[in-house]
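Below is one structure, written out as structure tokens; comments come after it.
The values are calculated or read from the model by the stated rules, or taken from the named source; none is laboratory data. In this text, all values refer to a predicted model and were calculated from it rather than measured experimentally. Note: accessible area is taken over every heavy atom of the protein model, side chains too, but ligands, DNA and RNA are not part of it. Shrake-Rupley method; radii C 1.70, N 1.55, O 1.52, S 1.80 Å.
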Amino acid sequence: RTGFTEGNHPSGPGRSCLGWQCRPITLRISNAKAITAGWRVRELRLFADDQCSMLTPGSVELISSGSHPAHPASLAVDDGANITWDGDSPSGVRFSEWWSDCQCCGPEEAWLEVRITPD
């Protein structure tokens, strides 16, 4: 959700991104507290409606504070398309998820930023 209501939408009162041209939106998620085992995001989905039935339309651009080489930021929004069965993994599954490059991360050191440009 964007958190916009009828009265505070950047396009003006009573408007929504579904019926009007909206400006790009940038969201950043980060670890709030220090962590000691790295930070991972398996899947990030952003919806255009309160029922979470319609994915946010538009192009998505991702940047991060840094990524593990095998787990870039793009894997956080691939809808699970890159899950592979990997004999090197203890469970046999290599999940498609973003991994921070820090293992012992200070507060807000690991972050994933999403910029959505509406169609």
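Show me, for region 111-117, the HN-Hα J-couplings you get by feeding each phi into the Karplus relation (A = 6.51, B = -1.76, C = 1.60, θ = phi - 60°), rounded to Hz, glycine and proline as x.
Result, ordered by residue: 8, 10, 10, 10, 10, 10, 10 Hz.
Ordering Thr26, Thr56 from largest to smallest accessible area (1.4 angstrom probe), what's the sequence?
Thr26, Thr56
Using 0.36 nm per residue of separation minus the Cα-Cα distance, give me the extension gain between Ser30 and Ala70 in nm, one decimal.
Roughly 12.4 nm would be gained on extension.
When all protein chains stay in place, what accessible area (Å², nearest 10, 1.4 Å probe) is found for Glu97?
Around 20 Å² of this residue is reachable by solvent.
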